Amino acid sequence: MSRSFDRRAFLKYTGALGAAGVVTATVGACSGPASTNNSGEGGEGLDELTAVIGYGNDQSWDPTQTASAFSMAAIQHIYEGLLDTDPITREPYPALATALPADTSATTWSFTLREGATWHDGEPVTADDVVFTFQRILDPEARTLARSFFHTWLRECTKVDERTVELQFHYAFPDAAQRLGIAKIMPRHVFGEEGAWEEATGGLAVGSGPYTLASHQPRSNTTFEAFDGYNGPRPPAFQRMNWLSIVDAAPRVARISGDSAEAQIAENIPYANVDQLTEDGLEVQGGAGMNHAFIMFNTANAPFDDVRVRQALLYAIDIDQLIEVGLRGYGAPATSFLNEDNPAHRPASTVYAYDPDRARQLLDEAGVTDLSVNLMSVNVSWLVDCLPTIKESWDAIGVSTTLEPQETSALFTKMDQNQDYQVVAAVSNPNQFGLDADLIMRYNYTADGLWMQYARWEQSADAEDLFARMDEASSEPDPDAKLELTQQYLDLVAEHAVLYPIVHTELLTAWDPTRITGIRAQAYPGINVLQARAASS
C-alpha cells in the first residue's frame, strides 16, 4: 500500500488521525498491525541494514541526559527500561521487567527482572543496576535531563532481592507506565566507574538490548551488531546495522534514491523530494505530532526581558508564508505549545497569528526602536529553509535581522558555556520521550532544567509561579481537573513567550519496500527498526 502525500491536504489528513497525534504509518497496515511484543522473523538477503539519519551523531549518548535525535533512536536499540513503549502506539510493554504493574493507581510498584538478562559484556543484569540508574536520574546534583520527568512523582527505587525492585511514589501517577521507558537501565559496574559518565557522553554504550554499539565515528556513522545474548521481547532482525549521519538534505536523499542507492531507509525526508522518491518506488510516509520549530529568547539580554518585545517578534512572523515556502505545505501554525492532535490541546489564550501591525504596536509600547537581532539557529535542513521568511518578517517591522545557522552541537556548546546570545531558533520534539502534556512541558519548562537556564528565566517570579502550577496539575488525581489545570498553565506559557513554537510540522520517512518491511514511520525524529525485517526475496 503506497501513499503519495498531498501537501495541501495536510490539515485535513492530520485531522483524521487518532487522538494520540501519531500516524501508525506502516507497511503492515495493509494486513493488520504488528504485534506489540514480537519482532517479525527476518527474510533473506539483507544481513546489514543501512539507514540515513538526518541529524548529527556527535551529541551525548548518555541516556539520562541526551535529547539528540540520533542518540535517542540508537539508544532504543541498545538499552532497555523496566518497561518500554511501542514507538507508535506508545503502549507500555515489559522489557527488562517480566510484567506490567498490576495496579497503576498504587503508590508502590514492584518489578521482577527478566531471568537470564545480561549486559553486552556478559555480566548479569541485577537489581543493583536498576537502583543505580534511578539514583542517577533522581540525583539533584547530577541534574540529568531525565530527572525532570521523574522527580515530581518518584520518591525512590529500592532493592528487594537480586531480581526484584520497588518504586515508591510521592503520589499515585498512572502515567508512570509510559514514563519508565525513558529510564534506560545502565550497568553499575560500567558507569559507576570514575569518568564513565563523560565517556557515555562521548559514545560509550553498554546495554542489555538487542543491538550492541560496534563502532562510532562522530559526524559520519555509527554501526551496530546483533547481540547474541539477548533474550528479551524484541530480538534483532539484522546481523548488522550502519546508520549514516547526514544533515544536508541533498546527499541524504541521494543515499536512498536511484539504482545505486546505498541505504534501505532514510528519515527526515525533505518535502520537496516526496514525489521523486515515490516515483522511484519507495514508500514515503509520515506523522504529524509535536515536531516543531521554536523561538527562544535570552531574557537576561535587554530588550528581550520585556514580554512585549518577545510577543512582537512572534506576531511578526508570516507563518502562512513560512509553511508554504519553507515547509512546502507540510505544517500547521502553533495555536498552543501542544500540537492540535494532542488530547490536552486547546487554543491558548494568546495565539500568535500573523499580525505585523500588532507587532509594531508592542515594540512602540516597549519603547524599542532600531532593534537589531542576531538569530542563531541549528542547521537542521527544514528549519534552515524557514529562516529567510523569519528574517523577511522581522525586517519588515523594522527589526534588522542577521541569520547565523550552525551545527547543533556547536550552538549548544556555546549555550552550555553561558555565552551571550539574543534569540535562538531550533527544532524539538518531546514526543521522543512521550505524549502526555506534563512530560512535554517538563522537557522545556522545569526548574533547574537546561532550557530554562539557556533562557535565563528559571529564577523569575513568573517561572516559579508556572512551575508550581505544573506541579499542582501533575498531582491532581481527577482527570478533568488535571486537564483544566494543564490548560491554565499552557495559557501562561503562551503569554510569557520565553520559549515557544511557531509551527508544528510533519516528519517523513522513506524506505525501499523490496528490501525491508515492518517499517512504521514516526512522528518524531529517528527510526525504530525493532519490528522491521528483511523483505522476502
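The values are calculated or read from the model by the stated rules, or taken from the named source; none is laboratory data. Everything numeric in this text was worked out from a predicted model, so none of it was measured. Note: ideal-geometry Cβ built from the backbone for every residue, glycine included; neighbour counts use all protein chains shown. For accessibility, only protein heavy atoms count, side chains too; no ligands or nucleic acids. Shrake-Rupley method; radii C 1.70, N 1.55, O 1.52, S 1.80 Å.
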### the stretch 130-212, dipole about Cα centre (Lys/Arg Cβ +1, Asp/Glu Cβ -1), debye to the nearest 20
280
### Query
the stretch 83-218: percent of C-alpha pairs farther apart than 26 Å?
21
### Query
Does the stretch 350-390 classify as rounded, prolate or oblate by the C-alpha gyration tensor (a ≥ b ≥ c root eigenvalues; a/c under 1.5 gives rounded; else a/b over b/c gives prolate, otherwise oblate)?
oblate
### Task
Please give, to one decimal in nm, the separation of the simple spin-label points placed at Asn418 and Thr164, each 7 Å out from Cα toward the Cβ.
4.8
### Task
For the stretch 117-192, just say rounded, prolate or oblate: build the C-alpha gyration tensor, square-root its eigenvalues into a ≥ b ≥ c, call rounded for a/c under 1.5, and beyond that prolate if a/b exceeds b/c, oblate if not.
prolate
### Summary
For 502-511, 458-467, 325-334, ranked highest to lowest by mean beta-carbon neighbours within 10 Å, the order is 502-511, 325-334, 458-467
### All aspartates and glutamates inside 16 Å of Lys414 as judged from Cα atoms, apart from same-chain residues fewer than 8 positions distant
Asp58, Glu404
### Query
Placing +1 at every Lys and Arg Cβ and -1 at every Asp and Glu Cβ, with all other atoms neutral, what dipole size does the chain have around its Cα centre, in debye to the nearest 20?
700
### Task
Please work out the average accessible area per residue across the chain, using the 1.4 Å probe convention, and give it in Å².
38
### Query
Which residues does a label at Ser381 reach in the stretch 255-276, if reach means a backbone N under 11 Å from a point 7 Å past the Cα toward the Cβ?
255-257, 266-274
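How much of the accessible area of the chain, in percent, comes from carbon and sulfur atoms when a 1.4 Å probe is used? Spell out each step's value before the answer.
Working: 9150 of 20260 Å².
Ligands and nucleic acids excluded, carbon and sulfur reach 45 percent.
Between Ala461 and Asp47, what length in nm is gained on full extension when 0.36 nm per residue of separation is reduced by their alpha carbon distance? Don't skip to the end; give the middle numbers.
Values: separation 414, 0.36 × 414 = 149.04 nm, distance 5.68 nm.
Once the chain is fully extended between Ala461 and Asp47, it gains 143.4 nm.
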### Summary
Counting only protein heavy atoms and leaving out ligands, DNA and RNA, the solvent-accessible surface of Thr133 at a 1.4 Å probe, in Å² to the nearest 10, equals 0
### Message
What is the distance in Å between the Cα centroid of the stretch 244-303 and that of the stretch 136-161?
### Response
35
### Task
Assuming a ≥ b ≥ c are the square roots of the Cα gyration tensor eigenvalues, decide whether the stretch 405-471 counts as rounded (a/c under 1.5), prolate (otherwise, with a/b larger than b/c) or oblate.
oblate
### Query
Would you list Asp512, Asp370 from the most to the least accessible area, probe 1.4 Å?
Asp370, Asp512
### Summary
Taking R0 as 30 Å and r as the Cβ-Cβ distance between Asp248 and Asp395, the FRET efficiency 1/(1 + (r/R0)^6), rounded to the nearest 0.05, comes to 0.70
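Students often check this: by mean Cβ neighbours within 10 Å, which of 92-102, 299-309 ranks highest, and how do the rest follow? Present the calculation step by step, with values, prior to reporting the outcome.
Details: 92-102: 19.0, 299-309: 17.2.
Peptide ranking by packing, descending: 92-102, 299-309.
So, by mean Cβ neighbours within 10 angstrom, what's the order for 142-152, 284-294, 246-256 with the highest one leading? If you can, show how the numbers build up before the last one.
On the way: 142-152: 20.5, 284-294: 24.7, 246-256: 18.6.
Descending mean neighbour count gives 284-294, 142-152, 246-256.
Using helices alone, I'd like the mean residue ellipticity at 222 nm for the chain: each DSSP H run of four-plus residues gives -39500 (n - 2.57), total over residue count, nearest 500.
Details: 16 runs with 146 residues, N = 537.
Roughly -7500 deg cm²/dmol at 222 nm, from the helical runs in the chain.
Which order do you get for Val125, Val351 if you rank them by accessible area with a 1.4 Å probe, largest at the top?
Values: Val125 15, Val351 55 Å².
In descending accessible area the options line up as Val351, Val125.
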### Task
Have a look at Trp243, Leu277, Leu327 and report the one farthest towards the positive end of the charge dipole of the chain, computed about the Cα centre with Cβ charges (Lys/Arg +1, Asp/Glu -1).
Leu277
